[in-house]
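Below: the structure, in C-alpha cells.
The values are calculated or read from the model by the stated rules, or taken from the named source; none is laboratory data. Keep in mind that what you see is a predicted model, and the values were worked out from it rather than measured. Cβ placement follows ideal geometry from the backbone for every residue including glycine, while neighbour counts extend to all protein chains displayed. Accessible surface is based on the protein model in full, side chains and every heavy atom, while ligands, DNA and RNA are left aside. Shrake-Rupley method; radii C 1.70, N 1.55, O 1.52, S 1.80 Å.
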Amino acid sequence: MDKLQSLLKNEEKAVFALRSLYGKYGYLPYKMSKFEEYDLYVRNKDFLVSDSVITFNDTNGRLLALKPDVTLSIVKNYVEEPGVTQKLFYNENVYRVSARTHTYKEIMQTGLECIGDIDLYDIYEVVNLSLESLGEIGGDFVLDISHLGVLSALLDETGGDESFKKKIMHCISEKNRHEIARICEENAIDSESAGMLVDFVSVYGTPGTVIETLRKMCINETMKEAVDELESICGLLKNSRYSDKINLDFSIVNDMNYYNGIVFKGFINGIPESILSGGQYDKLMKKMGKKARAIGFAVYLDLLEQTGAKKQTDVDTLVLYSEETDLLKLSRFITEKASKGESVSAQRKIPQKLRYKTLIDFDKEENAQC
Amino acid sequence: MLNIALPKGRLGEKVYAMFEKAGYECPSIKENNRKLIFENEEKGVRYFWVKPSDVAIYVERGAADIGVAGKDILCEYEPDIYELLDLNMGKCRMCVAGKKDFYDDTDRTLKVATKFVNIASKYYASLSRDIDIIKLNGSIEIAPILGLSDVIVDIVETGTTLKENDLAVLETIMPISARLIANKVSFKFKTEEIERIAESLGTQVKNND
C-alpha cells in the first residue's frame, strides 16, 4: 500500500485525505453532472471568479455551460427543510479563465457546503474543517479569517455611497492605507471615520489581540454584533489542534453582494496563491430565492501540482536487449524485477530522453553468466 | 516614394548597407542627429528606424511599404503581409531552454516563460502538452533559475548567456533570420519598385553565400 501511495501525486493524495475527513464529519458526497444551464450563470455573473464560461448547445438546443463553479449548482438544487442543515462535499473539475494566462483552465476543486438553518456551531464546524483540510494537505499553513459584518458596519458609518464603499473595500484588500486616506478626502468623509478606516487596515494578527483592538473600535450595534460573533467562533476554535495557525485579517474581502459574515482564506507556504477560500453566503441564497443561510469553502487542489518532490528519473532500470536475446529469459528477468517493485523499461536502444538509474545490457549479462 | 521601415540596431545598419549597395542610398541617414525620417527624393525612398518588433505593424498597416523584420516577430504576430525574401542575416534559433539537468516530468503541467507567447503556445499545442504560459518582457533566462518557470522559449544566438547561467538548449523550435516584407496593397501599386529592390537584395544574398 505504501508503494501505491508513493505513486500518487500530491493533489491525488489530498483528494483521498479530504474525502475521508469530510465523511467523518457527516458531510455527504455530491456528484454533479459536468454541465449546467448557462442561464444560472448569467443571473449570477458577479459571483463567478471569471465571467467567461464555456458554452455549447445541447441536443435539444438548450444552451449549456461547462461548470465554472459548483456552489451555484448546489444552491440551485437545495430543497428547504426548516431547522435542518444539509451538509455536502464535492470533488469536481471546474472550467475557468485563468487570470494570468487568459486561457480556459480545468481546475480540480474540492469543497464543502453547509446549507440550511445554520447556527454558530455550523459556522465553527466549517471553519474548523477548513483548518483540518489545510492540515491534511500538510506543510506550513495559515488560515486568515475576516468578518464582513465588521467592515460593512464601519463603511455604513462613513455615510459614503456604493462606489465609495467599493473603492475602500478594494483598498482594504490591498492593505493600501494612503489610498484610503486620499479617497476619503475626495469624498469629503469626516476625518474621524477616515482615520478609523485607515487604522482598520493595520488590524491583523492573532485572534486575541485583534478582538481586543476591535472592541475599542466598536462604533455601533452592528459592529458589536459582528465582533461578538467573531469572538465566539475564535473561542470555539481554541480547541483545534491548529489554533495557532489562525490569523484575523480584514484584507480577506469577498463580494458583499453575495457574502456576509465570516469569510476566510487558507495559504500554504510555497504556493503563491490562496489554496482555500470560503465564507458565509446568505445573500446569494436570498438572491436565488432560498430561505436558508449557507457557508462553505473550496480547496483548489490543482495548485498542489507545484509542490512536492519532483521526480528525477523515469525508471529504475533500463534493460537493453537485441534481436538475438532469448525472449523467454528476458520476460522472466523483467517480471522478476517488476514484481520486486522496481520499474523496468525493456528497450533495444537507449531512448534519448529516458532517465534511468541503472543500465543492464541483457545479452552481456547472460553471456557473463554462461 | 517608397517608405521603408528598418529595425533599429546592428541588424538594421547591415540591412541599410544592403539597400545602399542596391542603389537606394540616403546619405542623410548617416548624419548623427535626432531626425527620425530620412529621405532621398531622387531615388524615391524614405527610410525610418523603428523598434524591431514594430516593423511588421508599420508594414501591415501600410505606414511602410516594405520593411525588414525577424522571422521570430513574423511568427509571433502573424501579420498579413508578403514575405518576399530571406535576407539570411541576423541568424539565430527559437529554442526551448532550461536548466542543464532539467528533467521533464510529463505528468505535470509545464511552466513556460517567454516573450513569444504565440510561438510557445503553438509549439506546445502541436505536442498536445498542457502548459502554463508566463509572459515576460525581458531577462527571460532568470525565470528557470528562480523557479518561476520550468523552461523558457526564447531566441538563442550563440548560447553564451545560457551557458554562463548553467542553462542549456533542450529543443530547437525553428531557425530564425531577417526577412524582407511588404505591405500587400503597396505591392500591387508599387510592384515594379518593390520587385526591383527585392531582386537586387536577393542577388546580394546569393553572392554573400
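Across peptide A:333-340, how many C-beta atoms of other chains are within 10 Å of each residue C-beta, on average?
Values: counts 0, 0, 0, 0, 0, 0, 0, 0.
What the average comes to for A:333-340 is 0.
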ask   = How do A:111-117, A:357-363 rank on mean C-beta neighbours within 10 Å, highest first?
value = A:111-117, A:357-363
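Taking the Kirkwood radius as the inverse of the mean 1/r across Cα pairs, report the Rg/Rh of segment A:257-370.
Working: Rg = 27.5 Å, Rh = 19.3 Å.
Rg/Rh for segment A:257-370 comes to 1.43.
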task = For segment B:54-125, just the Cα set please: Rg and Dmax, both in angstrom.
result = 15.9, 48
query = Between residue A:93 and residue A:178, what length in nm is gained on full extension when 0.36 nm per residue of separation is reduced by their alpha carbon distance?
reply = 26.6 nm
key: Pairwise FRET efficiency - residue A:186 versus residue A:238, Cβ, R0 = 56 Å, nearest 0.05   = 0.85
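I'd like the FRET efficiency for residue B:106 and residue A:291, computed as 1/(1 + (r/R0)^6) with the beta carbon distance as r and R0 of 51 Å, rounded to 0.05. Each step should come with its number before you reach the end.
Values: r = 51 Å, r/R0 = 0.99.
So, using R0 = 51 Å, E works out to roughly 0.50.
With 26 Å as the cut-off, how large is the P(r) tail for segment B:68-191, expressed as percent of Cα-Cα pairs? Don't skip to the answer; put the middle values down first.
Values: 2053 of 7626 pairs.
Result for the distance tail: 27 percent.
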Cα Rg over Rh - segment B:118-209, Kirkwood = 1.13
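Dividing the convex hull volume of the alpha carbon atoms of chain B by its residue count, what do you get in Å³ per residue?
Details: hull volume 27.9 nm³, N = 209.
Each residue corresponds to 134 Å³ of Cα convex hull volume.
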key: Listed residues A:193, B:128 arranged by accessible area, highest first, probe 1.4 Å   = B:128, A:193
query = Modelled label-to-label distance, residue A:170 and residue B:17, 7 Å Cα→beta-carbon offset: nm?
reply = 5.3
message = Based on alpha-carbon centroids, what's the gap between segment A:88-141 and segment B:186-209 in Å, whole number please?
response = 63
key: Mean shadow area of segment B:159-209 over all directions, Cα convex hull, nm²   = 5.8
message = Projecting each Cα onto the charge dipole of segment A:30-138 (Lys/Arg +1, Asp/Glu -1 at the beta carbon, about the Cα centre), which of A:85, A:41, A:97 comes out farthest on the positive side?
response = A:97
ask   = Suppose every K and R has +1 on its Cβ and every D and E has -1 on its Cβ; what is the size of the dipole of segment A:194-236 about the Cα centre, in Debye to the nearest 20?
value = 140
key: Spread of Cα-to-Cα distances over 20 Å intervals beginning at zero, given as percent, for the protein assembly as shown   = 16, 34, 31, 17, 1
note = Scattering profile of segment A:20-98 from the Debye formula, Cα beads only, expressed as log10 I(q)/I(0) at q = 0.16, 0.24 Å⁻¹, is -0.69, -1.16
query = Between segment B:86-108 and segment B:9-54, what is the C-alpha centre distance in whole Å?
reply = 33
inquiry  = Using a 7 Å offset from the Cα along the Cα-to-Cβ direction at both residue B:126 and residue A:45, what is the distance between the two label points in nm, to one decimal?
reply    = 3.9
DSSP-defined beta bridges in chain B - what % are antiparallel, rounded to 5 = 65
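Given the DSSP H assignment, sum -39500 (n - 2.57) over each helix run of at least 4 residues in the protein assembly as shown and divide by its residue total; what's the result at 222 nm in deg cm²/dmol, nearest 500? Don't skip to the end; give the middle numbers.
Numbers: 22 runs with 219 residues, N = 579.
Only helices count here, giving -11000 deg cm²/dmol.
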key: Threshold 40 Å² - residues in segment B:89-103 whose accessible area is reduced by that much or more when the chain is no longer isolated, probe 1.4 Å   = B:103
task = Kindly tabulate the residues in segment B:112-137 with an accessible-area decrease of at least 40 Å² between the chain alone and the assembly of all protein chains, using a probe of 1.4 Å.
result = B:132
Calculated over segment A:1-140: convex hull of Cα atoms, volume per residue (Å³) = 163
message = Tell me which of A:181, B:140, A:243 sits at the most positive position along the dipole axis of the protein assembly as shown, charges placed on C-beta atoms (Lys, Arg +1; Asp, Glu -1).
response = B:140
Inter-label distance for residue A:213 and residue A:25, nm, one decimal - labels placed 7 Å from Cα along Cα-to-Cβ = 2.8
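Arranged from highest to lowest average of other beta-carbon atoms within 10 Å per residue, in what order do the peptides A:273-286, B:70-83 appear? Display every interim value, and only then the final one.
On the way: A:273-286: 21.3, B:70-83: 18.5.
By packing density, highest mean first, the sequence is A:273-286, B:70-83.
If the viscosity is 0.890 mPa s and the temperature 25 °C, what Stokes-Einstein diffusion coefficient in µm²/s follows for segment A:277-340 when Rh is the Kirkwood radius over Cα pairs?
On the way: Rh = 17.9 Å.
The Stokes-Einstein estimate is 137 µm²/s.
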Convex hull volume of segment A:185-265 per residue (C-alpha atoms, cubic angstrom) = 114
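Taking only Cα atoms of segment A:137-205, what ratio of Rg to Rh do you get with Rh as the Kirkwood inverse-distance radius? If you can, show how the numbers build up before the last one.
Numbers: Rg = 13.6 Å, Rh = 12.8 Å.
Ratio of gyration radius to Kirkwood radius: 1.06.
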task = Can you tell me the FRET efficiency between residue A:120 and residue A:76 if r is taken as the Cβ-Cβ distance and R0 is 35 Å, rounded to the nearest 0.05?
result = 0.85
inquiry  = For residue A:35, project a label point 7 Å along Cα to C-beta. Then give me every residue of segment A:57-82 with its amide nitrogen under 13 Å of that point.
reply    = A:57-67
Segment B:2-74: C-alpha pair distances exceeding 14 Å, % = 57
task = Take each of the peptides A:256-266, A:87-97, A:235-245, average the number of other beta-carbon atoms within 10 Å over its residues, and list them starting from the highest.
result = A:256-266, A:87-97, A:235-245
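Please report, to one decimal in angstroms, the Kirkwood hydrodynamic radius of segment A:143-290 built from all distinct Cα-Cα pairs.
Working: mean 1/r = 0.0629 Å⁻¹.
Averaging 1/r across every pair of different Cα atoms and inverting gives 15.9 Å.
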inquiry  = Less than 18 Å from a label point 7 Å out along the Cα-to-Cβ axis of residue A:273: which backbone N atoms in segment B:148-163 qualify, by residue?
reply    = B:148-150
query = Rounded to a whole number, what is D in µm²/s for segment B:4-126 from Stokes-Einstein with the Kirkwood radius over alpha-carbon pairs (20 °C, 1.002 mPa s)?
reply = 128
message = With +1 assigned to the C-beta of every Lys and Arg and -1 to the C-beta of every Asp and Glu, and no other charges, what is the dipole magnitude of the protein assembly as shown about the Cα centre in debye, to the nearest 20?
response = 940
